[in-house]
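Asks: Structure provided below as structure tokens; questions to follow.
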Amino acid sequence: MDRIEEIKKMIDEKVKNITSLEELNNLKTQFLGKKGVITELSGKIKEVSNELKKDFGMKVNTVKKLFNDKYEEERKRLEEEKINKKLEEEKIDVTLPSTKIPVGAPNILEKLIEEVEEVFMSMGYDVVDGPEIEEDKFNFELLNIPKGHPARDAQDTFYIEDERILLRSQTSPVQVRTMLKYKGEEPVRMICPGKTYRRDDDDATHSHQFMQIEGLLVDKNITLSDLKGTFDVLAKRLFGEDTKTRFRPSYYQFTEPSVETDISCFACHGKGCSICKNTGWITVSGAGMVHPNVLKNCGYDPEEWTGFAFGFGAERLAMLRYGINDLRTFYQTDLRELTNFDRRED
Ligand code: DAH
């Protein structure tokens, strides 16, 4: 019984001096471990005389409970203390000046393409894709450009395998692919921005790799005035509401009639300047009514279906839109120039 009282005092004293969870756990071993002082007492119950046994047993249990209660209390306190300390250490001073992290931005050529996509998507067009490694069949043959046509000239086209596989020299093959795919699900309405390749020497206005934005609509009763209206919407969205548009006669194998599409010069508004070479007008795309042969090649009866198509040079559009005078600017990695692009937009 004396030992029990002694242990009670020991618990009080020892717990008071605890400063860490580790110490607390060591203490638990000292009291309740295999050779702990309370465990030792429990072992003594069987040695106690019968009349004292009950009382002794109860007292041992009270001591055990006393220790466990103190242990829990202390453990909670120490854990709380630990968390508070951690929070204190990790406190962030939001008033400190921050380091400036440079933020990237999409290339403006990409931005322009997205802008054009949005205009056409709002008119119900799908944005589609096509392969850059293309078959002669799609790039030329089905577009009414027969063997021997100057556009196939090895001077212009990168051939990969004989005369059959090539790097597409225009996005127009996607017209054919789309017409074939959408057969039975007319109207066909698509635009296709994508890379094209030609054996050009790179300079301020030429590149061996450049981007075009192809467009195509095939439905019943489509006329050249639908093309004019559609082009008008795009021109106004890109270059401002007061932009005028006009067609000039032209020639492409896959359209009949064919036109060059012009916008009124946004810089001088028709007075004449260096951008429009004093004509007041700027040519931005080739276009026309889909040639009956092309319709036929894709399984559409030209008596029943008509359509228009157009092809923009994406870099040219972006150069005009953002006042850039060298096409190579889009493909360089000079951050000074590229960050300049962001400012041009304002
Ligand atoms: N593919 C032509 C080129 O690369 C551009 C073009 C002209 C596309 C007229 C068309 C079109 O769809 O109708 O020069």
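Asks: I'd like the orientation of helix 335-344 relative to the chain: the angle between its Cα long axis and the longest Cα principal axis, in ° from 0 to 90, rounded to 10.
Replies: Helix 335-344 sits at roughly 70 degrees to that axis.
Asks: Classify segment 140-265 as rounded, prolate or oblate, taking a ≥ b ≥ c as the square roots of the eigenvalues of its Cα gyration tensor: rounded when a/c is under 1.5, otherwise prolate if a/b is larger than b/c and oblate if not.
Replies: oblate
Asks: With no other cysteine's Cβ closer than 4.7 Å, which Cys residues of the chain count as lacking a disulfide-compatible partner?
Replies: Cys192, Cys298
Asks: For Tyr251, Tyr182, give the ranking by accessible area with the largest first, probe 1.4 Å.
Replies: From most exposed to least exposed: Tyr251, Tyr182.
Asks: Just to be sure I understand: with springs between alpha-carbon atoms less than 10 Å apart, which residue in Ser122, Ser285, Ser42 has the highest mean-square fluctuation in the Gaussian network model of the chain?
Replies: Of the options given, Ser42 has the highest mean-square fluctuation.
Asks: So what's the net charge close to Arg164: Lys and Arg +1, Asp and Glu -1, counting the other residues with Cβ under 14 Å from its Cβ?
Replies: Cβ neighbours under 14 Å give a net charge of -3.
Asks: How large is the dipole of the chain about the Cα centre if only Lys and Arg carry +1 and Asp and Glu carry -1, each at its Cβ, rounded to the nearest 20 debye?
Replies: Using Cβ point charges on Lys, Arg, Asp and Glu, the chain gives about 1720 debye.
Asks: Still on this structure, please answer the following. Just by accessible area at a 1.4 angstrom probe, what is the order of His206, His269, His291 from largest to smallest?
Replies: His269, His206, His291
Asks: May I ask for the distance between the Cα centers of segment 1-33 and segment 126-193, given as a whole number of Å?
Replies: Result: 87 Å between the Cα centres.
Asks: Binning at 10 Å from 0, report for the chain what percent of all alpha-carbon pair distances ends up in each bin.
Replies: Calculated over all Cα pairs of the chain, the distribution is 5, 18, 20, 12, 5, 3, 5, 7, 9, 9, 6, 2, 0 percent.
Asks: Stokes-Einstein D for segment 2-89 at 25 °C, 0.890 mPa s, Kirkwood Rh over Cα pairs, in µm²/s?
Replies: For these conditions, the coefficient is 173 µm²/s.
Asks: Lys/Arg Cβ at +1, Asp/Glu Cβ at -1, dipole of the chain taken about the Cα centre: which of Leu96, Met123, Gln170 is farthest positive-ward?
Replies: Final value for the positive-end residue is Leu96.
Asks: Ignoring everything except DSSP H segments at least 4 long, calculate the 222 nm mean residue ellipticity for the chain; use -39,500 (n - 2.57) per segment, divide by total residues, nearest 500.
Replies: Calculated at 222 nm, the ellipticity per residue is -13000 deg cm²/dmol.
Asks: Starting from the Cα of Lys44, draw a straight line to each of the lysines and keep only those under 16 Å, dropping any in the same chain fewer than 8 residues away.
Replies: Leaving aside lysines fewer than 8 places away in the same chain, those within reach of Lys44 are Lys34, Lys35, Lys53, Lys54, Lys59, Lys64.
Asks: If you take every DSSP beta bridge whose two residues both sit in the chain, what share of them, in percent to the nearest 5, is antiparallel?
Replies: Bridges in the chain are about 95 percent antiparallel.
Asks: Moving to a separate point now. Once the Cα gyration tensor of segment 27-162 is diagonalised, what are the square roots of 5 times its eigenvalues, in whole Å and ordered largest first, as equivalent ellipsoid semi-axes?
Replies: Largest first, segment 27-162 gives 90, 26, 16 Å.
Asks: What does the convex hull of the Cα atoms come to per residue for segment 112-208, in Å³?
Replies: Spelled out: Cα convex hull of segment 112-208, divided by residues, is 106 Å³.
The values are calculated or read from the model by the stated rules, or taken from the named source; none is laboratory data. These numbers come from a predicted model, not from an experiment. Counting neighbours? That spans all protein chains shown, and the Cβs are built from the backbone with ideal geometry, glycine included. The protein model used for the area step is the full one, side chains on, heavy atoms only, and it has no ligands, DNA or RNA in it. Shrake-Rupley method; radii C 1.70, N 1.55, O 1.52, S 1.80 Å.
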